[in-house]
Amino acid sequence: MNSTQNHDAEQPLHDTNGDAPPVLQMRGITKSFGPIRALSGVDLDVRAGEVLAVMGENGAGKSTILKILSGEHAPSSGSINLAGADRTFSSPFEAKAAGIRVIYQEPEILDDVSVAENVFIGSIPRHARFVSRHEVIAETQAVIDRLGFSSAISPTTLGSRLSPAQRQLVEILRALKDDSVAVIAFDEPTSSLSEHEVEALFAFIARLRASGTAVIYVSHRMKEIAEIADRVAVLRDGQSVFASLMSDTDESEMVRNMVGRDVFGAFDRDHTEAGEIVLEVKELTTADVSNISFHVRAGEVVAFSGLVGAGRTELAKALAGDAEILSGTIAISGEVQKLRSPIDAVRAGIGLAPEERKTEALVMTRSIKENISLVVLNSLTRARFVRRGLESGLVADYMKRLRVRAGSMDQEVKTLSGGNQQKVVVARWLARKPKVLILDEPTRGVDVGAKADIYRIIGELAAEGIAVVVISNELIEVIGLADRILVMRGGEIVGEVARADATEQNVLTLAISDSLDQPTNSGNVALEGTS
Amino acid sequence: MTISTGSASPTQIAPPEDKPGAKRELSFAAKFVARVGAQNLSLIVALIVLAAAIGSQNANFFSLPNMQVIGEGVAILGVLAVGQTVIMLLGGLDISVGSQAGLASVISAMVFTSSGSAIFGMAVAIVVGAVAGLVNALIIVYGRVNAVIATLATFAAYRGVVNLVSNGSAQGYTGGDDVFTFLSLGKIAGIPVLILVFLVIAALVYTMLTFTDIGRNIYAIGGNKVAARLSGLRINKYVIGAYMLMGVIAAIAGILLTARTGSGQPTSGSQGLELQVITAVALGGCALQGGKGSIIGTVLAVILLGVLTNGLQILGVNSFWQDIAQGTMLVIAVVIQQRRRGTRAVGLPD
């Protein structure tokens, strides 16, 4: 891509003294959570005074590798070598003492105390047990001055009054208040920053680099990486798949390495001809999404792709009546619906199987039966008494149809596997005979066998004429399931890809590209890569 | 297997114990425990052990008159505990129940004295109870005040109202009235009416919780309010209904109190009752966070507390020890519950 070369021309690549040994070497890092392997044999090298960009799809293992670096997770196997010595960190405290800092995307800030106290939390300077407020503020000011943020933040501001950028700054101040920092990692630091703030952050990272600190920069944003990174490493499915100097690669090569999983037969279904428009959303705007327009026909599966935080879950919540609609309309079968609460959405025939199954969908301490009949219970009563035979019959039907594997329908849902829990949630909505069914991450935490079941069910629902909306972080799933793919970025729909044209590359390129003005161009770049 | 497939091979099947329709044969004992519930079973065992211990020291414990004493002793507490169970299943709490009962007690006696009709007095008391419950609910739902704080406030305020209307002294004399006397001393089929009222209310609420959609939805809301909201349940309606039901039940408890003592009691008999009520419900297995518990558990816990008080009394144990025993039992019961949940011991529990 041009941008990379321009960058090189106007600001020669920082001297990465390629021969110098890396200050941090991670070798063969493997991490399993139960049966799921999040990382398998990841290698990562960072040298002093360079910025390493770590890229990868959602779920590629970027956050996990940072958590291992920060001592939050212990690796299942593999070695970490810091400044020539093999290290194992059994707690964040040890990693910190060794000079490693990780700045997370969502900083933990105490709302009711000052910036100074937030910065020194856990290590407030004290005499006997008495804290000198004056001293804490003075020390914080010294750190702020040293790092060059004097105009950006004051040590006496309350946590609750900080902007997102300032919250991130507090996290940076915390991390760098002591001198001995060898490696600092940023996890998607710019997701809530304005352009101006991003510039300030980059100037700061440039200073860190100049002072000889090794910087790891995790981001999806191609433009930023082209601007700041000296070197890039790509993770895919928990493995290191690509590493290069920035000057030796380009956007299309990076994207090609981020994608590229094998398609398999589980998605095979009859793509029946779509019917009437069932769901029609026009210029919908809420606090989190803006100007969303799309439609879904009966029998159609429309998938939403995009990065975490692109606004897909928030859109789903709005369609389920659980967000305030600021402007725009939602129509079901041509009839405009006023969705003031989920009650209205349920009545209109919209069902949502939310992303957070355990906390937002299931009543974990109650039975499968009670969870399935929840939304139709009032239609199963006579004089308010639940007609148990009717209920059991209905529940048994849906359990059989969705292949819910359980000893009995009276079993508590918390004893079920993730896949069976998801089937219970889907069964609940099917019992209601919805016109629109929204499935947010339907296969998250679901084992492979049950995944295939869920794909099959989605196909069947569409064949029955339900308008199905699927939100998924797994590109392969999105491409395999959908008749059409809508890509979201920054709370807006930025593109639509038809089934025939869908490749992981062009969908991902739409999702991560910053060049809003030329989406077609970047699409072409990606398409060239596939051929 | 790595996640690199990110995918399913349709041939892969789930673990064998998950096979559809494969019902594991349960032993009779396991079925019994599942049916009764481990919580209720441990209460029954505790009850048997306690009764055996007391009975071995004093054979009079098992006499019919003593059983009746125990029953009448716990009836008012039991009525309130049944109401509190509904509130706690929703994830709420009502600390003002004792004050509401005191208010109803005084109102029923005063209205009876001025109107001459016991039924009218009781009806007015019940309406006042419903209104008191509604006020609690409105503060909680629309004022967005935590249930503990809201009812702590009305706990004091309702007690103030009682003392204001009664001037702080017992009101009226209901001992000569047939209806009130029937409530306190009457028997139907040999069972004291006081105990029957408790059992009937418990049975009605049990029916509501177990067999109707209202009860199911109460468990769902208490178990996961986000899921309940997204499923289209009108949560506010249920909260308001539950607190009003609690008010009505507290009023019935207050009327029983008036009947037992022969006059409207502003404080005596109802003050401090809220703590015993919450003790009973928690002992019965209701989780403070809602969604878990049952009327059977609550009734068993009420009986257990009654047996404990009575037993220590007939054994001549200092009444201060009774309070200590009650407190100890509650702590042990909740510690066991938390152990079974298996939460880590860090900071304040959920």
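Would you list which lysines come within 17 Å of A:K451, measuring only between C-alpha atoms, while excluding same-chain residues fewer than 8 positions from it?
A:K400, A:K423, B:K19
For helix B:118-142, what angle does its Cα long axis make with the longest principal axis of chain B, in degrees from 0 to 90 and rounded to 10?
Tilt relative to chain B: about 40 degrees.
Quick one: which residues, 5+ away or cross-chain, put their amide H under 5 Å from the amide H of A:L279? H built at 1.01 Å from N.
Distant-sequence amide H within range of A:L279: A:V296, A:S333.
Within a 10 angstrom radius of each residue's Cβ in B:215-227, how many Cβ atoms of other chains show up on average? Whole number is fine.
Neighbouring Cβ atoms belonging to other protein chains average 6 per residue here.
Each residue of region B:83-89 in order: what ³J(HN,Hα) in whole Hz does its phi give by Karplus 6.51 cos²θ - 1.76 cosθ + 1.60, θ = phi - 60°, with x for Gly and Pro?
x, 4, 4, 4, 4, 6, 4
Residue-wise, which Karplus ³J(HN,Hα) couplings in Hz belong to region B:146-157, taking 6.51 cos²θ - 1.76 cosθ + 1.60, θ = phi - 60°, and x for glycine or proline?
So the J values, rounded to whole Hz, are 3, 4, 5, 5, 4, 7, 5, 5, 6, 3, 6, 5.
Quick check: the angle from helix B:273-283's long axis to the longest principal axis of chain B, C-alpha only, nearest 10 degrees?
Taking Cα atoms only, the helix is inclined about 30 degrees.
Over chain A, calculate the relative contact order: mean separation of alpha carbon pairs under 8 Å at least 6 apart, over the residue count, as a percent.
After rounding, I find 15 percent.
When a footprinting reagent is the concern and you count Cβ atoms within 10 Å, what order do B:W321, A:W429 take, fewest first?
Placing the least packed residue first, the sequence is B:W321, A:W429.
What is the average number of partner chain Cβ atoms found within 10 Å of a Cβ in A:352-365?
The shielding value for this peptide is 4.
So for B:T210, A:T365, B:T343, fewest C-beta neighbours within 10 Å to most, what's the order?
Neighbour counts put them in this order, fewest first: B:T343, B:T210, A:T365.
When only Cα pairs under 8 Å and 6 or more residues apart are kept, what is the percent relative contact order across region A:110-161?
56
Where in chain A are the helices, taken as whole DSSP H runs, whose Cα atoms extend 15 angstrom or more along the long axis and whose Kyte-Doolittle mean reaches at least -0.5?
Once both thresholds are applied, what remains is A:133-147, A:164-176, A:195-210, A:418-431, A:448-463, A:519-530.
Average partner chain C-beta neighbours within 10 Å, per residue of A:336-349?
The shielding value for this peptide is 2.
Angle, helix B:193-211 long axis vs. longest principal axis of chain B, Cα atoms, 0 to 90°, nearest 10?
It is inclined by approximately 30 degrees.
On a straight-distance basis, which aspartates and glutamates could pair with A:K369 in a cross-link, Cα separation under 12 angstrom, same-chain partners fewer than 8 positions away excluded?
A:E391, A:D397, A:D410, A:E412
Roughly what % of Cα-Cα distances in the protein assembly as shown sit above 51 Å, to the whole percent?
The calculated P(r) of the protein assembly as shown puts 32 percent of pairs beyond 51 Å.
Can you compute the helix-only [θ] at 222 nm over the protein assembly as shown? Use -39500 (n - 2.57) per DSSP H run of at least 4 residues, normalise by all residues, nearest 500 deg cm²/dmol.
Per the formula, -15500 deg cm²/dmol.
May I ask for the distance between the Cα centers of region B:318-350 and region B:268-292, given as a whole number of Å?
Comparing the Cα centres of region B:318-350 and region B:268-292, I get a distance of 13 Å.
Expressed as a rounded percentage, what relative contact order does region B:39-332 have, with Cα pairs under 8 Å and six or more residues apart?
36
Counting only other residues whose beta carbon sits under 14 Å from that of A:R444, what net charge do I get with K and R as +1, D and E as -1?
Computed value for this residue: -3.
Under a 5 Å amide H to amide H cut-off, with H placed in plane at 1.01 Å, what residues pair with A:T213 once short-range neighbours are removed?
Residues meeting the amide H criterion: A:G49.
For each of A:R366, B:R144, count neighbouring Cβ atoms within 10 Å of the residue's Cβ, then give the residues from fewest to most.
Ordered by Cβ neighbours within 10 Å, fewest first: B:R144, A:R366.
Laboratory data are not the source of any read-out in this text; all were calculated from the coordinates shown. In this text the structure is predicted, and so the values were computed from the model without any measurement. Virtual Cβ from ideal backbone geometry, glycine too; neighbours counted across all protein chains shown.
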